[in-house]
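Beneath this line is the structure, given in C-alpha cells, with notes to follow.
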Amino acid sequence: DQQVKQNSPSLSVQEGRISILNCDYTNSMFDYFLWYKKYPAEGPTFLISISSIKDKNEDGRFTVFLNKSAKHLSLHIVPSQPGDSAVYFCAVVTGANNLFFGTGTRLTVIP
Amino acid sequence: DGGITQSPKYLFRKEGQNVTLSCEQNLNHDAMYWYRQDPGQGLRLIYYSQIVNDFQKGDIAEGYSVSREKKESFPLTVTSAQKNPTAFYLCASSTETDIGTGELFFGEGSRLTVL
C-alpha cells in the first residue's frame, strides 16, 4: 500500500504564475512532511519541510501547506520560474524514522 | 567540497553477473541509504545504515547486499538474484539529527542497465 500519493504525474504552468503541487497521505501518525526536487540524471535535493504540528511553512518563493484533517500536503511556488522545471517528490517520515516517497510530479514552467 | 560521490554514473551488466556500486561521502554523516528509482515510481529504500558495521534492510532488499566498514563508504552490490536490476540507484546520507526529519543529502545516482 502506498503511504504517499501524488495523483498528478505532470503539471504545466506559465512563468510568473503560481504552481501548486499536491500530495495525499494515508497515515495520520507521520511526523514530518517534505518536498524534494529532482532534475534529470541527478539526485533529489531537499526543498522544504513541515512538522506535523504546523500547518504552513514558507521559504522564499516556496510555501508548504499541511491539512491534517484531509491528510493533504501541497507545495506552492510563487512566482514560478523556468528553472523550477523538475520532478517534485513529496515524502513523509514516520515515527520509526522511515521515509516514504511519492511517485513524483513533473513540473514544466513555460517561459 | 563536501558531498556524496557515486560511481560509476553509468554501468552495463550482463545477466548473471554481480555488480557493486560505490558511494562515498565526506560530510561526516552518520546515516547512509540506498534507494532505487524506477519510471513512474517513487524512490524505494533498499538498505540503510545508521552506524558503522550495522545496516538494516529496507522495503526491497532482496537481491542486494551492502557493507559499512567505514563511516564514509556504503557500497551496494546488486547480485544475480535481483530479478529486475535495471534502474537508477541513489545513495544518500544524513546526520543523526536529520534522520528523524527526513532531510537527506543525495548523490547524483548510478544508472544500471542489464543487457
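The values are calculated or read from the model by the stated rules, or taken from the named source; none is laboratory data. What you see is a predicted model; the values in this text were computed from it and never measured. For neighbour counting, all protein chains shown are included, and Cβ atoms are generated from backbone atoms with ideal geometry for every residue, glycine included. Surface areas here come from the heavy atoms of the whole protein model, side chains and all, with no ligands, DNA or RNA. Shrake-Rupley method; radii C 1.70, N 1.55, O 1.52, S 1.80 Å.
Given N residues in chain B, what is its alpha carbon radius of gyration divided by 2.2 N^0.38 Å? Please report the intermediate quantities before stating the final value.
Numbers: Rg = 13.3 Å, N = 115, 2.2 N^0.38 = 13.4 Å.
Against the compact-globule rule of thumb, the ratio is 0.99.
Run the Debye formula on the Cα coordinates of chain A, all scatterers equal and no solvent, and tell me log10 I(q)/I(0) at q = 0.11, 0.22 1/Å.
Values, matching the q order: -0.31, -1.22.
If the cut-off is a Cα-Cα distance under 21 Å, which lysines reach A:LYS38, setting aside same-chain residues fewer than 8 apart in sequence?
Result set, ordered by chain and number: A:LYS5, B:LYS9.
Which aspartates and glutamates, if any, have their Cα less than 17 Å from the Cα of A:LYS37, not counting same-chain residues under 8 positions apart?
Straight-distance partners of A:LYS37: A:GLU58, A:ASP59, A:ASP84, B:ASP38, B:GLU103, B:GLU108.
So which trypsin sites (Lys or Arg not before Pro) in the range B:8-78 end up in coil per DSSP with only 12 or fewer other C-beta atoms within 10 Å?
Details: sites: B:LYS9, B:ARG13, B:LYS14, B:ARG36, B:ARG44, B:LYS57, B:ARG68, B:LYS70, B:LYS71; in loops: B:LYS9, B:LYS14, B:ARG68, B:LYS71.
Answer by residue number: B:LYS9, B:LYS14.
How large is the Kirkwood hydrodynamic radius of the protein assembly as shown, counting all unique pairs of alpha carbons, in Å?
Details: mean 1/r = 0.0555 Å⁻¹.
For the protein assembly as shown, inverting the mean 1/r across all distinct Cα pairs yields 18.0 Å.
Using only Cα atoms, locate the centre of the range B:1-76 and the centre of the range A:60-111, then give the distance between them in Å, rounded to an integer.
25
Report B:SER67's accessible area, 1.4 Å probe, all protein chains in place, as a number in Å² to the nearest 10.
40
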